[in-house]
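The values are calculated or read from the model by the stated rules, or taken from the named source; none is laboratory data. Computed from a predicted structure; not experimentally measured. Note that we place each Cβ from the backbone using ideal geometry, even for glycine, and neighbour counts take in every protein chain shown.
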Amino acid sequence: MNISSNSITKFVKTTCCIFVASIVTYGLPANAGSAPGDVVGKVTVGYQGWFSASGDGSPVNNWGHTNIELWPDMREYTQSYSTTSLGWSTLGNGQPATMFSSYDQSTVNLHFSWMAQNGIDTAALQRFGNEIVPGSQIKAQRDGESQRVMNAAQLTGRKFFIMYDLSGGASYVQSDWTNTIVNTLHLTSSSAYAKQNGKSVVCLWGLGYTSINVDATAATSMINWFKSQGCYVVVGAPGSWRSLSGQTRSDYGSVWPICDMIMPWQVGGGPDPSWMAADFSYCNSHGIDYQSDVYPGFSFHNSNAGSPPNQAPRNAGDFMWSQFALVRQTGVPSVYISMFDEVNEGTAIFKGAEDSSMKPNNQWFLTLDADGTHVSSDFYLRLTDDGMKMVKGTTPYQASKPTPYGSAYRIVGRQSGRALDVAGQSTAAGSTVDIWDWNGGTNQQWALKPYGAGTYELVGVQSGRALDVKGQGTVNGSGIDIWDVNNGQNQLWHIQPTDSGYFKIVGVQSGRVLEVKGQSTANGAGVDIWDWNGGLNQQWGFDGQ
């Protein structure tokens, strides 16, 4: 999605707490929408998937979308490409500068594993109207990306759907849906394709904008056509959609009531309690589902020098949290996050460079500490998880964000439902690791420290010591303890998705997986390594703390 820099309003200078305070007593409309499905009652992230690299073997096989604003944290990618030819050779920490390609299956799998680890339900894969011309190279690129997203969603237990961006035109959209999405790629036949009310979900982003040449008659025809194909139609609309003014076409008053869901685009604006409540009330009274758009911040300086760096500050998550708080107070059940991987406009919530040591040293890029607070690279993923727990009602309303700036996880056994735990809250080297009922103790919290090439150290928050295979054992039944971090192969782990949002934790040295001994589910059951056999005692969930 592209927006103009002049749409950024004065909200960037306003304290987010003002917005939150103003909504606490606001009268809330009752939710008259659909029952929860794959988009209603869920969090959906926009997924561009449009980054390519020279030598990645894709149809384009060249650099694409290199107008980067927010530099990504590249430590966990198993495949990356030198950016020296783009003028970025070295990071601030002296390491070589590299970039990922969205065409690598390993990249998409990694992104979807982050979604699974952080409570993200669904991804909306962007598909631009000017990039689906039959026979074109760029269409082949986008088709291949769609298959990779489907594979990753199936692997990680996430859902996905196609989101057509009509800013590139609408001429080929309907034929593309029939000929490519349904009958060639067979995306809608995937168990991972999002369904709502028993129908395949599709989003038409841009309907209603004055800048997009689709009048009310054409929009009505397009929406009704998709409905005739058995689709649940989401419309990505201008923020001013109800007013039929500003960026919104004046002839769309008859279009909005036929939408299944409306998602007003908010990038460039701030929380507005009365406006959101009126949006939600309109949708409820017309039997339409409503999805709130939430984003972390915005910056477009490297693409437009006239746009100031860090134009819409993230304020260390306070701005994004104020939006989640408004959504919860208004009673809206569904959220769209703009965006997961949009590093070009600085709206990405995925793992980004924490500070100047993690970005190229010869150019300005947005880093996560731009507002003066250092946060971990996964902070906005964890904040999204916390925000959606509040929206879904599994945690109470909080005006201030609860997300710690550092990264820690509760690691929970799939079979037992109990947490990975250092026995007796011991912090000494050699202390035993077991499973126990979750009690919130820091001996049950683990920091994931990327080590490179897709490996991690799991470091106990309480002890500061690493999860360690005793004595560097590699045989079945070797025990697990904590030990001083020494970067040994027995302290490094691959975290690989199994299904339904669970993971296996594979020792780099042994190739064997972390498991609960003897498939025990009791408090105090020990943990060891063993050959992978697919048992539930060998699978773990990650819950950000």
*Given (1) closer than 16 Å to Gly454 by Cβ; (2) in contact with a Gly (Cβ under 9 Å, 6 or more places away or on another chain), where does Asn487 come up short, assuming only one miss?*
(2)
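Gly270: over 26 Å from the mean Cα position of the chain (by Cα), under 24 Å from Leu326 (Cα atoms) and surrounded by fewer than 22 Cβ atoms within 10 Å (Cβ to Cβ), yes or no? Reasoning before the result, please.
Details: over 26 Å from the mean Cα position of the chain (by Cα): no; under 24 Å from Leu326 (Cα atoms): yes; surrounded by fewer than 22 Cβ atoms within 10 Å (Cβ to Cβ): yes.
The answer is no for Gly270.
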*asked:* One residue is enough: does the stretch 321-333 have a residue meeting the conditions touching a Gly at 6+ places or on another chain (Cβ under 8 Å) and not in a helix (DSSP H, G or I)?
replied: yes
_Any pair with Cβ under 6 angstrom, 6 or more apart, that starts in the stretch 402-426 at a residue that is under 13 Å from Gly524 (Cβ atoms) and ends at one that is of a type in the set (Ser, Thr, Tyr)_ = Ser416/Thr521; Val422/Ser431; Ala423/Thr432
_Pair list, Cβ < 7 Å and 6+ apart or interchain, from the stretch 203-217 residues that are closer than 17 Å to Gln266 by Cβ and assigned by TED's automatic domain parsing to the domain that holds Ala170 to residues that are outside any loop (DSSP other than H, G, I, E, B) and among the aromatic types (Phe, Trp, Tyr)_ = Cys203/Phe161; Cys203/Tyr164; Trp205/Tyr164; Gly208/Trp241
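From Tyr397, Tyr405, Tyr409, which residue is closer than 29 Å to Pro296 by Cβ and buried (at least 22 other Cβ atoms within 10 Å of the Cβ)?
Tyr409
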*State which residue is farthest from Val332 (Cα to Cα) when the search covers only the stretch 369-395 and only residues that are touching a residue at least 60 places away in the same chain (Cβ under 8 Å) and among the aliphatic types (A, V, I, L, M).*
Ala370
*Just a yes or no: is a residue in the stretch 137-148 assigned by TED's automatic domain parsing to the domain that holds Leu204, surrounded by fewer than 24 Cβ atoms within 10 Å (Cβ to Cβ) and assigned to a loop (DSSP other than H, G, I, E, B)?*
no
*Taking Gln117 as meeting all but one of (1) at pLDDT 95 or above; (2) more than 17 Å from Thr188 (Cβ to Cβ); (3) among the polar types (S, T, N, Q), write down the number of the exception.*
(1)
*Quick one: which strands (runs of 3 or more DSSP E) lie wholly within the stretch 193-302 and hold at least 2 residues that are in contact with a Pro (Cβ under 9 Å, 6 or more places away or on another chain) and within 30 Å of Gln154 (Cβ to Cβ)?*
289-294
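Among what's in the stretch 223-240 and is among the hydrophobic types (A, V, I, L, M, F, W, C) and out of contact with any Leu (no Cβ under 9 Å at 6 or more places or on another chain), pick the residue that is surrounded by the fewest Cβ atoms within 10 Å (Cβ to Cβ). Spell out the reasoning first.
Within the stretch 223-240, the subset among the hydrophobic types (A, V, I, L, M, F, W, C) is 223, 225-226, 231, 233-235, 237.
Subset that is out of contact with any Leu (no Cβ under 9 Å at 6 or more places or on another chain): 225, 231.
On the way: Trp225: 15, Cys231: 23.
The qualifying residue surrounded by the fewest Cβ atoms within 10 Å (Cβ to Cβ) is Trp225.
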*Working only within the stretch 101-120, note down all residues that are surrounded by 23 or more Cβ atoms within 10 Å (Cβ to Cβ) and more than 13 Å from Phe350 (Cα to Cα).*
Ser101, Ser102, Tyr103
*Those residues that are surrounded by 12 or more Cβ atoms within 10 Å (Cβ to Cβ) and over 18 Å from Asp481 (Cβ atoms), I need them from the stretch 430-444; list them, please.*
Trp438
